[in-house]
Every structure is written in structure tokens, then in C-alpha cells.
Amino acid sequence: MLGFLAIFAASVAGYADVGLWTIAACAIALASASYAEHYTLYKRGQELGLTDTLRGAVLRSFGNGLIAAGAAYFCGWFLRLI
């Protein structure tokens, strides 16, 4: 539910023509929600010494959040133009 709210906030921000910084804020919210769901896996991976793999997973999670928030922002902005 928190992920949906972050994406919805990005689309409303695009519709309201708020600054582009909201994309990064929503992406951080999405990555944080993902980490909160899977923190036990990250903890176990750190104990096993898989820090490079975990770092890549966190960066990919942030990248996915950035793409999702950017697309939602663009859709909200596009709806404003219509």
C-alpha cells in the first residue's frame, strides 16, 4: 500500500507541476519500502558476506523506483496538458 501511495504522489505531483525533486523523493520512498519488506534477507546476506550483491540489489531497487516514479510523474504531467 505504501508503494502505491508513493507512485500516486508522484503522479499528483506531476499533475500539479511540482518540481522534479519529487521523483527522487518518491523513488527513495519506494526503495525504503522494499528494504523494509526484505530486511531479513539483506541482514542474512550481509552475514554471508554478499555485500557486493546486496549493494547491486539496493541500487537496482532504487533504479526501479526512479523509473516508476518518473513514469508516474510524466503521466500526471501529460494529463495536465490534455
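Read the figures in this text as sums done on the coordinates, not as results from a lab. The model shown is predicted, which means the values in this text are computed figures rather than measured ones. FYI the Cβ positions are ideal-geometry reconstructions off the backbone, even for glycines, and counts take in every protein chain you see.
Our note on the geometry: Cα centres of region 1-50 and region 52-82, 9 Å apart. Helix screen, the chain: DSSP H segments with Cα axial length of 24 Å or more and mean Kyte-Doolittle hydropathy at least -0.5 are 21-37, 51-81.
Rounded, prolate or oblate: which one fits the chain, using the alpha carbon gyration tensor with axes a ≥ b ≥ c (rounded when a/c is under 1.5, else prolate when a/b beats b/c, else oblate)? In terms of gyration-tensor shape, prolate. How large is the charge dipole for the chain, taken about the Cα centre, if only the Cβ atoms of Lys, Arg (+1) and Asp, Glu (-1) carry charge, to the nearest 20 debye? So the dipole magnitude of the chain works out to roughly 60 debye.
Using only alpha carbon pairs under 8 Å that are at least six residues apart, calculate the relative contact order of the chain and give it in whole percent. That works out to 53 percent.
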